[in-house]
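Scroll down for the structure; my scribbles are underneath it.
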Amino acid sequence: MINIRQARAGDEIGMQHCNLTNLPENYDMKYYLYHFATWPTLSFIAENESGRLVGYVLAKLNEEDTTGRPDGHITSLSVMRSYRRLGLAERLMNQSQRAMLESYGSACVSLHVRVSNQAAFSLYKNTLKVDHTEEKYYADGEDAYAMKKNLEGLYPLEIDSIDF
């Protein structure tokens with residue numbers, strides 16, 4: 001059984017291991033801690049029955065847009081190879097997006113994906129739309145698709161249905 005929960009200080013070692021194992025973009029430990037401290041409700045991890053971290057989503061907020069509402073941003077998403085194709089990446093994304101809307105009132109979420117990363121693009125293309133392509137976005141010079149998704153109306157607050 002896989003458990004998904006909010007990320008917290010102490011998870012950064014497992015998150016970094018997952019990141020280093022699977023992704024070419026890597027972060028210092030302080031970057032994870034900065035996310036936890038600044039946007040404590042937005043990042044989530046997936047752990048197996050032994051408590052081992054097998055996936056994560058690291059998320060943040062961008063500056064407020066013209067409506068005065070901050071946009072959410074997925075900084076990094078990774079799932080260990082042996083736990084892929086179980087829907088974990090989608091579940092992690094959904095948890096983070098819901099938290100963006102409920103905690104901060106985010107109107108949309110964005111992310112960047114390498115043009116060459118067809119597996120990730122396939123995951124995202126059904127729910128996010130390509131906004132534009134950013135040339136040489138990555139350190140190695142590869143372009144990225146900048147993708148966005150409108151969050152409004154996707155996650156109705158449960159409290160709205162409670163009769164007081």
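The values are calculated or read from the model by the stated rules, or taken from the named source; none is laboratory data. All values reported here derive from a predicted model rather than from experimental measurement. Methodologically, a virtual Cβ is constructed for each residue, glycine included, from the backbone with ideal geometry; neighbour enumeration extends over all protein chains shown. Areas reflect the complete protein model, heavy atoms only, side chains present, ligands, DNA and RNA absent. Shrake-Rupley method; radii C 1.70, N 1.55, O 1.52, S 1.80 Å.
Does the range 3-24 include one or more residues that are closer than 22 Å to residue 109 by Cβ, part of a loop (DSSP other than H, G, I, E, B), open to solvent by 30 Å² or more (accessible area, probe 1.4 Å) and not β-branched (Val, Ile, Thr)? The answer is yes; a qualifying residue exists. Of everything in the range 25-34 that is touching a residue at least 24 places away in the same chain (Cβ under 8 Å) and part of a loop (DSSP other than H, G, I, E, B), the residue that is surrounded by the most Cβ atoms within 10 Å (Cβ to Cβ) is 27. Number of residues in the range 83-106 that are in a helix (DSSP H, G or I) and free of Cβ contacts under 8 Å to residues at least 24 places away in the same chain: the value is 1. Among the residues of the range 114-129, those that are assigned to a helix (DSSP H, G or I) and open to solvent by 70 Å² or more (accessible area, probe 1.4 Å) comprise 118, 119. Only a single item in (1) under 24 Å from residue 26 (Cα atoms); (2) more than 13 Å from the chain's Cα centre (by Cα); (3) not aliphatic (A, V, I, L, M) is not met by residue 153, and it is number (1).
Which one of 92, 61, 111 is surrounded by 17 or more Cβ atoms within 10 Å (Cβ to Cβ) and farther than 30 Å from residue 1 by Cα?
Values: 92 fails: farther than 30 Å from residue 1 by Cα; 111 fails: farther than 30 Å from residue 1 by Cα.
Just one listed residue meets the conditions, 61.
If the condition is being open to solvent by 50 Å² or more (accessible area, probe 1.4 Å) and within 20 Å of residue 80 (Cα to Cα), then the range 95-108 contributes only 95. Selection over the range 35-46 of residues that are touching an Asp or Glu at 6+ places or on another chain (Cβ under 9 Å) and either modelled with pLDDT under 90 or open to solvent by 30 Å² or more (accessible area, probe 1.4 Å) (or both) gives a count of 1.
In this structure, does residue 109 turn out to be modelled with pLDDT of 90 or more, under 16 Å from the mean Cα position of the chain (by Cα) and outside any helix (DSSP H, G or I)? Let's see the steps before the verdict.
On the way: modelled with pLDDT of 90 or more: yes; under 16 Å from the mean Cα position of the chain (by Cα): yes; outside any helix (DSSP H, G or I): yes.
Yes; evaluated as a whole, the condition is true for this residue.
Within the range 35-82, the residues that satisfy the criterion of being out of contact with any His (no Cβ under 8 Å at 6 or more places or on another chain), basic (Lys, Arg) and either closer than 16 Å to residue 18 by Cα or assigned to a strand (DSSP E or B) (or both) are 52, 81.
Scanning the range 115-149 for residues that are of a type in the set (Lys, Arg) and free of Cβ contacts under 8 Å to residues at least 40 places away in the same chain gives 125, 129, 136.
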